[in-house]
1. What number comes out for the charge environment of L55, summing +1 per Lys or Arg and -1 per Asp or Glu over other residues with Cβ under 14 Å away?
2. How many nm separate the modelled label positions at R34 and N69, each set 7 Å beyond the Cα in the direction of the Cβ?
3. Calculate how steeply helix 38-52 sits against the longest principal axis of the alpha-carbon atoms of the chain, using the helix alpha-carbon long axis, and give the answer as 0 to 90 degrees to the nearest 10.
4. Please report the net charge: other residues with Cβ closer than 13 Å to the Cβ of L64, K and R +1, D and E -1.
5. Quick one: ranking H30, H51, H59 by accessible area, 1.4 Å probe, largest first, what do you get?
6. Out of H30, P56, L66, whose Cα points farthest toward the positive end of the dipole of the chain (charges: +1 Lys, Arg; -1 Asp, Glu; placed on Cβ)?
7. Once you keep just the Cα pairs under 8 angstrom separated by 6 or more residues, what percentage relative contact order results for the chain?
8. Note down, for the chain, the three equivalent ellipsoid semi-axes (square root of 5 times each alpha carbon gyration tensor eigenvalue), biggest first, whole angstrom.
Amino acid sequence: GGGAMVEGPAACLLWSEEDGGLYIGRVAVHPAWRGKGLAKRLLTMAEDEAHRRKLPRMHLSTRLVLIDNRRLFTACGFV
């Protein structure tokens, strides 16, 4: 596309090993980059890391009012 250049990262995901699993602490995508599958790709990378570490689960929390986040996490297999 012919959009304006965006300074800084397009997306990030923070994780840590907690409670016997990989805890997803934050997923963020710059507004100019949303809708391009970056969050799903980052969650897939986190899942790969959980497998590499032999962790049996991934977990996260999100605020109930964040409907788009809940849809994303559900689409990626979180319950």
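1. Numbers: positive: R52, R53, K54, R57; negative: E17, E18, D19, E47, D48, E49.
So the surrounding residues net to -2.
2. Calculated label separation equals 1.3 nm.
3. 30
4. Local net charge: +2.
5. Working: H30 70, H51 120, H59 30 Å².
My answer, sorted largest first, is H51, H30, H59.
6. L66
7. 27
8. Equivalent ellipsoid semi-axes, largest first: 24, 15, 11 Å.
The values are calculated or read from the model by the stated rules, or taken from the named source; none is laboratory data. Predicted model, so just to flag it, every value in this text is computed and none were measured. Don't worry about glycine lacking a Cβ; one is built from the backbone with ideal geometry, like all the others, and counts go over all protein chains shown. Each accessible area value is taken on the protein alone, full model and side chains, heavy atoms only, with ligands, DNA and RNA left out. Shrake-Rupley method; radii C 1.70, N 1.55, O 1.52, S 1.80 Å.
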